[in-house]
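Read the structure below first, then the notes.
The values are calculated or read from the model by the stated rules, or taken from the named source; none is laboratory data. Every value quoted in this text rests on a predicted model; they were computed, and no experiment measured them. Virtual Cβ from ideal backbone geometry, glycine too; neighbours counted across all protein chains shown. Areas reflect the complete protein model, heavy atoms only, side chains present, ligands, DNA and RNA absent. Shrake-Rupley method; radii C 1.70, N 1.55, O 1.52, S 1.80 Å.
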Amino acid sequence: MENKQIDEVRQGEIMVKEPKQKGGKKLFLESYGCQMNFSDSEIVASILINEGYSTTTDFKEADLIFVNTCAIRENAESRVRQRLQDYKKAKKANKNLLIGVLGCMAERIKHQFLEEEKLVDMVVGPDAYRDLPNLIAVAESGQQAINVILSKEETYADISPVRLDHNGVSAFVSIMRGCDNMCSFCVVPFTRGRERSREPETIVRECKEAFDNGYREVTLLGQNVNSYLWTGGGLKKENLTEEQRANATTFAQLLEMVAMIHPDLRVRYSTSHPKDMGDDVLIAMAKYENICKYVHLPVQSGSTALLEKMNRGYSREWYLDRIAAIRRILPDAAISSDIIVGFCGETDQEHQDTVSLMNEIKYEFAYMFAYSERPKTLAERKYADDVPNEIKSKRLSQIVDLQRKHSEIRTKEGVGKRHRVLIEGVSKKSDEMLSGRNSQNTVVVFPKGNHKKGEYVNVLATSCTSSTLIGEVVK
Ligand code: 5AD
Ligand code: SF4
């Protein structure tokens, strides 16, 4: 399934010590959408820095603007369109400015951006980033450039990403690309193509490099990490002999390989799919202290009938059984979810099934969305988007309120306990406080003392807000 959404928009500025000069050209790179997209932007930055670009956070001084886009819901696309209009205006001031759209919207909308709307000079899908230097050259010659070919093999395994984050503590590492699940609401299989796994050695190497560069946390990314399988390259999962299957690397094995790099390197992952979430992954998590006790397991709906329409491949009972397995094998684990309200034909009773499931589980955290119909998806072709907007909004605010209560209950449970915290930096609210997260992904703040980001400290939580623990460092 899909990765967690990041609401904020990050603009990457990279310090390059010795850029290969290409007339000092400047790149402004903006990313929308999921963690996978942010991770892709780091690949794009790596490719372009190699071409001699340096980056800027001011689009007005850029020679090249790339917007890495998301197509998951209509409002994600509207935000990008708005931004592209702003950039088009910037082109009036700088005739040589080139603008490109990357990622999922590029894949979905293809020629329309270039031909009908003349919004951009380049359209580049998520599997075509190696072609960027070539596409830029085409655009520089005054022609429109497009490459939206999806690949069955591309994993960018050999490209060392340029880290665009500013905290220098946690890094995203893609372990696979694409998605084969065909959830009926989801555009991802169309924008990111078929599922393919990346060679484990290259993943371990990238994580080790991050650790050597001071990072203390890696998040392994994939649309459905539980179906990760490295078969030695080129072999299709469906056609494996028993021997080939026994020799393949599973996600549980990959997790262990990464966990063994160093006990001070925390390992997280996103996203799991309930239908493929086996006990082996949970057992691997229990075995290593440095694999964080946090599972993001998107349920989408609490109604079996709706789950079937969503083509999720599991029932409410199956999902609750997986939750029971997490609680049994990882009693300390935090669990979060993604939930959609107002999917095609959702009745009041079906919505109540979601509410009762939330009450039963009491997630630490949830990302909640109103259903947004996406072109080409199974749902668009098969079902009417017939839940009125007012009802979608009402249901959404009902579950948002409920989740707020659950998050509060879960945060309170952490008060009075000792938490091992990886320090990520100064707290947003006070320069005198540091902030980090515990293994369960809850933010913990505490007085600075002599501690620095990237260090681990034990914090005794003495109070909390609705979602943050507050405490002091103890031995
Ligand atoms: N409408 C609303 N939410 C969606 N998601 C995916 N597709 C849609 C859609 N068409 C949500 C799912 C997914 C999360 C990343 O986004 O909950 O898990
Ligand atoms: Fe990420 Fe693309 Fe999905 Fe958006 S549509 S969440 S960018 S994979």
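The Cys residues in the chain with no partner Cys Cβ within less than 4.7 Å of their Cβ are Cys34, Cys70, Cys104, Cys179, Cys207, Cys292, Cys344, Cys464.
Over the C-alpha atoms of the chain, the Rg to Rh ratio, Rh being the Kirkwood estimate, stands at 0.96. Ordering Tyr129, Tyr215 by accessible surface, largest first, gives Tyr215, Tyr129; the 1.4 Å probe counts only protein heavy atoms, with every chain in place. Take every pair of alpha-carbon atoms less than 8 Å apart whose residues are at least six positions apart; their mean separation over the length of the chain yields a relative contact order of 10 percent. Each Lys or Arg adds one and each Asp or Glu takes one away; over the other residues whose Cβ falls under 12 Å from the Cβ of Ala334, this sums to +3.
A simple charge model with +1 on the Cβ of Lys and Arg, -1 on the Cβ of Asp and Glu and nothing else charged puts the dipole of segment 5-147 at about 420 debye relative to its Cα centre.
With the charge dipole of the chain set up from +1 on Lys and Arg Cβ and -1 on Asp and Glu Cβ about the Cα centre, the Cα lying farthest toward the positive end among the listed residues Ser303, Tyr53, Gly342 is that of Tyr53.
Above 14 angstrom, tally the Cα pairs of segment 418-474 and express them as a % of all pairs, no decimals.
Values: 653 of 1596 pairs.
When all Cα pairs of segment 418-474 are counted, 41 percent exceed 14 Å.
By a 1.4 Å probe calculation restricted to protein chains, Glu413 has an accessible surface near 90 Å², given to the nearest 10. Which one of Gly232, Leu164, Gly193 is farthest out on the positive end of the charge dipole of the chain, using unit charges on Cβ (Lys, Arg +1; Asp, Glu -1) and the Cα centre as origin? The residue sitting most towards the positive pole is Leu164.
Between segment 96-112 and segment 314-388, the alpha-carbon centres lie 32 Å apart.
Could you work out Rg/(2.2 N^0.38 Å) for segment 255-392, with Rg from alpha carbons only?
Values: Rg = 16.8 Å, N = 138, 2.2 N^0.38 = 14.3 Å.
Compared with the compact-globule rule of thumb, segment 255-392 sits at 1.18.
Can you flag which of Lys275/Lys382; Lys428/Lys452; Lys293/Lys448; Lys287/Lys417; Lys412/Lys453; Lys26/Lys60 are past 18 Å Cα-Cα?
Lys275/Lys382; Lys293/Lys448; Lys287/Lys417; Lys412/Lys453
Rounded to the nearest 20, the size of the Cβ-charge dipole of segment 350-395 about its Cα centre is 180 debye, with Lys and Arg at +1 and Asp and Glu at -1.
The figure for Met368 is an accessible area of roughly 40 square angstrom, using a 1.4 Å probe on the protein chains alone. When the P(r) of segment 170-407 is calculated, the portion above 23 Å amounts to 53% of the C-alpha pairs.
Calculated mean residue ellipticity at 222 nm for the chain: -10500 deg cm²/dmol, from DSSP H runs with n ≥ 4 weighted as -39500 (n - 2.57), summed, divided by the residue count and rounded to 500. Here segment 5-147 is treated as an ellipsoid with the same Cα gyration tensor; its semi-axes, largest first and in whole Å, are 21, 18, 14.
Ordering Glu308, Glu317, Glu117 by accessible area with a probe of 1.4 Å, largest first, what comes out? Don't skip to the answer; put the middle values down first.
Working: Glu308 140, Glu317 115, Glu117 50 Å².
The ranking, largest first, comes out as Glu308, Glu317, Glu117.
At the residue level, Lys287 shows approximately 130 square angstrom of accessible surface with a 1.4 angstrom probe and all protein chains present.
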